[in-house]
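No value in this document is a laboratory result; all are computed from the given coordinates. Everything numeric in this text was worked out from a predicted model, so none of it was measured. Cβ: placed from backbone, ideal geometry, glycine included. Neighbour counts: every protein chain shown.
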Amino acid sequence: MAFAAKLRMKDAERGQVSTLNGPRIGVALGGGSARGLTHIPYIEAMDELGLRPSIISGTSIGALIGAGWAAGMSGKELREHSFEVLGTLRIIAAKLWSTQIRGIGGLLKNGISVQLDAASIVDAFTPANFPLEFRDLKVPLYVVATDFQSWHQVVFNSGPLRPAIAGSLAIPSFFKPVLYNNHILVDGGVVNPLPLDQADIGTDFLIGIDVAGDPSANLTKTDHKAIDIWFGSAQIMMHSLTAHMMAAYPPDIYIRPHVGNFGAMEFWRVREIVTHAEAEKERFKRILAHKIENYIQGRIEPAQKP
């Protein structure tokens, strides 16, 4: 909390009055399926520094975790909840089964679909008291999805929260498209895997956490399965899109944890994934603390952004 106290003193010296401490920080949480669980240690890092974002934007699992953060959950609470609902294959299977079938009546009515219902997934894997509306969040949240009909991104920051998140994480072929607000929505990573543009709205410092992975783990591998080719191709596309986004909205801090050893759908490895990111968490804290310290000392002024 030392940083928060210093920032309040700095704002007082400048005659500024703010509901948040110090510079306005925008955080973009990228998509990457199970690899997106690495967002959690970075949220914990900001908690430990006593820093809270002014804006959160998220794509796919970044939207889901970002919504929990924006709702007021701490990094520790996000970690504990993810362990509880994703800790074993048995737990995940039970939730998926209840979500898809919902009893014998559902089975007879709907049959067994190979595609999951994204809205039901959001209901099954979020806390019981999860907010229903964007207006109920404690931090402004921008959720990015893809409009399958217009080929453009759709950004939600008002209205019902859950259908927006569902559309953002509806990975094509794995999830049914989400019909919402005159849109046919699929995964936001199709058009904007790291939504820096949305986190850059009226902020001073921009942080991007890219969890799509990198090619290092597969450079020598040749026996790829079909699912590996599918997700690997999606990663290549996401990497290219992120590079263009970073050129247009360069982040002050860019983090890309090494997550190539984890499969995109290996959510049951949540403990390994989160633990793996903890070494990077400390590096992130040092980088962020250095930038905040420079702000406190007046060595840099936050950029004036439109």
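Database remark: amide H of Ala28 closer than 5 angstrom to the amide H of Ser57, Ile207, Gly208, Ile209 (H placed geometrically; neighbours at sequence offset of 5 or more, or on other chains; Pro and chain starts carry no H).
A simple rule links phi to the HN-Hα coupling: the Karplus curve 6.51 cos²θ - 1.76 cosθ + 1.60 with θ = phi - 60°, which for the stretch 121-132 gives 5, 4, 4, 6, 10, 9, x, 4, 9, 5, x, 9 Hz, with x for Gly and Pro. Put a dot 7 Å past the Cα of Ser233, heading toward its Cβ, do the same for Arg271, and the two dots end up 3.6 nm apart.
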